[in-house]
Amino acid sequence: MNLDNMVIPKHVAVILDGNGRWAKQHGVPRAMGHKAGCETLEKMVRTASDTGLEYFTVYGFSTENWKRSEEEVGALMQLFRFYMVRLLKIASANNVRVKMIGDKGRFAPDIIKGIDNLVEGTRDNTGMTFVIAINYGGRDEIVRAARKLTKAYQQSGKTADSIDEAEFASYLDTAGIPDPDLMIRTSGELRLSNYLLWQLAYSELYVADCLWPDFNKEELEKAIAAYNKRERRFGGRI
Ligand code: IPE
Ligand code: IPE
Ligand code: MG
């Protein structure tokens with residue numbers, strides 16, 4: 001698809017969904033679906049950067065996903081360990097800066113270290129920002145922000161009257177990151193699943209039928225083309 005003359009959204013956020021269905025379709029264990037999903041993610045970081053996105057945010061593991069079977073959660077943790085190291089190489093080779101949103105405190109110490117290495121190791125890169133949402137939940141993020149804000153206000157003696165939207169947003173994990181222009185969910189599901197509840201207030205939503213492991217450059221371009229056909233009511237960028 002030719003994206004010439006199209007507005008490239010500055011920030012695209014994705015709910016990568018359908019790894020399990022992909023595995024079922026291919027007659028392999030769910031863990032293999034997640035592995036295929038990680039491979040797609042790796043490719044898409046490069047593609048998103050080549051397409052000219054400034055921010056690319058991906059939902060990799062939700063606060064609710066801990067409720068999955070011990071076997072599946074274990075397989076996902078192993079994949080995090082492996083792909084975090086690979087991501088550091090890919091991000092470095094593509095001048096991509098990595099940020100993490102979510103509560104990393106619940107992960108095993110070696111995974112926390114891996115996340116820190118990824119963030120620290122790419123901090124000075126000046127290209128696209130790749131935001132990975134792991135152990136992320138929109139409600140959890142808002143509650144943690146309220147807690148941080150309350151503590152800061154108690155310490156500084158500031159009054160509640162000085163809290164406005166911008167002030168509150170500065171306590172969210174996404175502080176400093178513009179809201180997504182476009183949110184893509186794969187696998188046909190029409191739910192937010194606790195994703196970026198504050199930030200998606202005015203984003204355009206696009207649902208792709210394809211399963212995440214099958215997502216690619218063409219699918220991203222289709223979503224961008226659909227975005228360009230929308231009449232934006234807020235922000236008026238198109
Ligand atoms: C998305 O794929 C990956 C994670 C939530 C970790 P799913 O595992 O939700 O795949 P489906 O929805 O069962 O197909
Ligand atoms: C959303 O997908 C979470 C991630 C993609 C990490 P889920 O598959 O977990 O969401 P539900 O269960 O369909 O709402
Ligand atoms: Mg799912």
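Once phi is turned into ³J(HN,Hα) by the Karplus curve 6.51 cos²θ - 1.76 cosθ + 1.60 with θ = phi - 60°, what whole-Hz value does each residue of the range 31-37 show in order, with x for glycine and proline?
4, 5, x, 5, 5, 4, x
Along the Cα→Cβ direction, 7 angstrom out, place labels at Gln155 and Trp66. What is the inter-label distance in nm?
2.5
Taking amide H positions as placed in the peptide plane 1.01 Å from N, state which residues far from Leu196 in sequence (5 or more) or on other chains have amide H under 5 Å from it.
Gly138
Just to check I understand the Karplus step: with θ = phi - 60° and J = 6.51 cos²θ - 1.76 cosθ + 1.60, what whole-Hz values come out for the range 134-148, glycine and proline as x?
Residue by residue, the range 134-148 yields 10, 6, 10, x, x, 5, 4, 4, 5, 5, 5, 5, 4, 5, 4 Hz.
Based on the Cβ-Cβ distance from Asp164 to Ser193, what FRET efficiency comes out when R0 is 35 Å, to the nearest 0.05?
E between Asp164 and Ser193, to the nearest 0.05, is 0.80.
On a full-extension model of 0.36 nm per residue, what is the gain between Glu231 and Ala175, subtracting their alpha-carbon distance, rounded to one decimal in nm?
17.4 nm
To the nearest whole percent, what portion of all C-alpha pairs in the chain is separated by more than 21 angstrom?
When all Cα pairs of the chain are counted, 59 percent exceed 21 Å.
Pop out the ³J(HN,Hα) list for the range 106-117 in order, Karplus 6.51 cos²θ - 1.76 cosθ + 1.60 with θ = phi - 60°, rounded to Hz; leave Gly and Pro as x.
Values per residue, Gly and Pro as x: 8, 7, 5, x, 5, 6, 4, 5, x, 5, 4, 4 Hz.
Given a 1.4 Å probe, how much area per residue of the range 122-213 is accessible, in Å²?
Averaged over the residues of the range 122-213, the accessible area is 50 Å².
Once every Cα of the range 115-238 carries one equal point scatterer and solvent is ignored, give the base-10 log of I(q)/I(0) from the Debye formula at q = 0.18, 0.20, 0.22 Å⁻¹, two decimals.
One equal scatterer on each Cα of the range 115-238 leads to -1.19, -1.31, -1.38.
Packing-wise, with mean Cβ within 10 Å as the measure, how do 158-166, 212-220, 170-178 rank, highest first?
Highest to lowest by the protection proxy: 212-220, 170-178, 158-166.
If you build a Gaussian network model of the chain, linking Cα atoms that sit under 10 Å apart, which residue out of Tyr202, Tyr153, Tyr227 swings the most?
So, out of Tyr202, Tyr153, Tyr227, the one fluctuating most is Tyr153.
Considering only Cα-Cα distances, which of the following residue pairs are longer than 22 Å: Lys99/Lys229; Lys43/Lys229; Lys67/Lys89; Lys67/Lys148; Lys89/Lys148; Lys35/Lys89?
Listed pairs above 22 Å: Lys99/Lys229; Lys43/Lys229; Lys67/Lys89; Lys67/Lys148; Lys89/Lys148.
How much of the accessible area of the range 15-71, in percent, comes from carbon and sulfur atoms when a 1.4 Å probe is used?
The computed percentage sits at 49.
The values are calculated or read from the model by the stated rules, or taken from the named source; none is laboratory data. Since the model is a prediction, treat every value here as computed from it, not as a measurement. Quick reminder, even Gly has a Cβ in these numbers, built from the backbone with ideal geometry, and neighbours come from all protein chains shown. What goes into the accessible areas is simple: the full protein's heavy atoms, side chains included, and nothing from ligands, DNA or RNA. Shrake-Rupley method; radii C 1.70, N 1.55, O 1.52, S 1.80 Å.
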